[in-house]
1. Hey, how much of the P(r) for the range B:116-250 falls beyond 18 Å, as a percent of Cα pairs?
2. Put one equal scatterer on each alpha carbon of the range B:56-178, apply the Debye formula with no solvent term, and list log10 I(q)/I(0) at q = 0.16, 0.17, 0.20 1/Å to two decimals.
3. Put +1 on the Cβ of each Lys and Arg and -1 on the Cβ of each Asp and Glu in the range B:264-364; which of B:M322, B:G281, B:M353 then has its Cα farthest toward the positive end of the dipole?
4. For labels at A:R102 and A:V144 in the simple 7 Å Cα→Cβ model, what's the distance in nm?
5. Kirkwood Rh over Cα pairs of the range B:1-85 into Stokes-Einstein at 25 °C, 0.890 mPa s: D in µm²/s?
6. When a/c is below 1.5 the answer is rounded, else prolate if a/b is larger than b/c, else oblate, so apply that to the protein assembly as shown with a ≥ b ≥ c taken from the square roots of the Cα gyration tensor eigenvalues.
7. State, to one decimal in nm, how far the label point of B:E118 lies from the label point of B:A340, with both points 7 Å from Cα in the Cβ direction.
8. Per DSSP H run of n ≥ 4, the term is -39500 (n - 2.57); total these for chain B, divide by its residue number, and report the mean residue ellipticity at 222 nm rounded to 500 deg cm²/dmol.
Amino acid sequence: MLCDNCGKNEAEVHLTHIEDNEMKTVHLCPSCAAEKGLDAGSAGKNLPLTDFLAQMGQAALSDEEATIAGPCSYCHTTVDDFRRSGRLGCPHCYSIYETQLRAILRRIHGSTHHLGKVYVPPASAAADQSARLVGLRRKLQRAVEAEDFERAAVIRDQIRELEAAIDV
Amino acid sequence: MIPFDLTSMPDFGLGWLDASGPYSDVVLSTRVRIARNLQGYPFSVRAKPSDRAAILAAVREVLDHSIPLADGVIVEIDRLGKREQEILLERHLVSRELTGKPGSATHSSAALVASNHEPIGLMVNEEDHLRLQSLMSGFNPRETWQTVDALDEELGSELPYAFHHEFGHLTSCPTNCGTGLRASVLIHLPGLVLTKEINKVLQGISQVGLTFRGLYGEGSEVIGNLFQVSNQTTLGKSEEDLIDHLQKIVAQVVDYEQQARSVLLRDAPNVIEDKVWRAYGLLRHARALAFDEMMNLLSGVRLGLSLKLLLGPSVYVLNRTMVFGQNAHLEESSDGALSASELDIQRANYVRMALAEAEPSAGA
């Protein structure tokens, strides 16, 4: 299929969107796509978001704020890196750019608060066995709730084994 | 863990093809993935080869005694040939992010973990450290989610995830943070396309927090009347709410689609019957088929099956043809690289053979 724009090269970027109540697909070759600000390599991937984040980054940050925030002391990601790629560099970035991210998350998700499962991390090596026991019991409960009795039986055996080991 | 070999596992990761799931005449498959990152490492975009190797090693250790992935295989992507990588892509088992863009090298320690028998697996060192995923036949968001959740519980109880008290699970891209959950269905909507109701429906779903894409995900084109519908946001709602919402809205879309099909059958039975049999005739006899053409014709036959205008081939045969009629699969079966025109000829050969084995009879 040839590019909708130049009609010369093979189209590699296919962008489907809704415009005036109509679903439209535009087929572009990499060079026309690049001209229109679409990265051909990622075939449209992340485009709306990168644009959106760039706008957000500018709206959420005055230049002064931008220089105050970051770079991340752990992975050295700067505001500019984030604006350009739409990606953060490490978990620590969420603390460094917390204020800006809160505004961005509200725009993307309509919320900043995680309401899903609360994650309980594995305990450190010191309390290893009893923590593992707690984890296994939690897993057992979920397996029973999901009526996955085969898996529950395996977990139950692991619990017994561990309990015996701790008793000794 | 068993060694990976595509030739000994020709249907690797293709359990969903059997059309055994609910509403599988309209919804081809349901996919759920969740994004997770490990504490103490930068995200993939900043990770050094040593970080990536350490992450893969940590995953490997847990998988040695994994219950959900007891018969899983770990496939390191850079040890595969380009064609094998493309085959996994065509099966939607890995993403372009994981294999690397065409022409560029694959990142080290990028891996797929998958089971040959269970619809569960994960990608390691993708955009996020871990992308847990499950792909099931038909319209089945709840069970698909529970399958991924069981693996998440197991991995999370041994590997410390990056988790924030307010933002939830932390992901490289803020569009995925919180639950990290993306649930999607691949849905066949020829009725809504033919009755020109599709734009209204697509606009409707985008107003209620869902989004649609083409067959190959983000940025891809809609072909063969196949739409991928998924949740747009991942933060501020529980996993159950996200799944229930998708379930509810997609059930409505399925209902609209079925209404549209009844309208077509009532108002234009001869036109539809002709369209279906023409599609079948072309697939059964064409000597060259482009991929898009094949997909559009398969859509016609799929519609005909669902309306009982023809009584075969089975939905399974159509699903299988859709996967094995893609370029890398065709090259694999003909044992060599093919030019574009050779691919179209090979595709037509493959489709003729697949349909000949399942010769239908005329329906009611």
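A short reminder: the numbers here are calculations on the coordinates, not readings from a lab. Being a predicted model, the structure only gives us computed values, none of them experimental. Note: ideal-geometry Cβ built from the backbone for every residue, glycine included; neighbour counts use all protein chains shown.
1. 59 percent
2. Result of the Debye calculation: -0.83, -0.94, -1.26.
3. Ranked along the dipole, the leading option is B:G281.
4. If labels sit at A:R102 and A:V144, their model points lie 4.1 nm apart.
5. 153 µm²/s
6. Prolate is the answer for the protein assembly as shown, as a/c is 1.5 or above and a/b outweighs b/c.
7. In this crude spin-label approximation the distance works out to 4.4 nm.
8. Working: 12 runs with 156 residues, N = 364.
Computed mean residue ellipticity for chain B: -13500 deg cm²/dmol.
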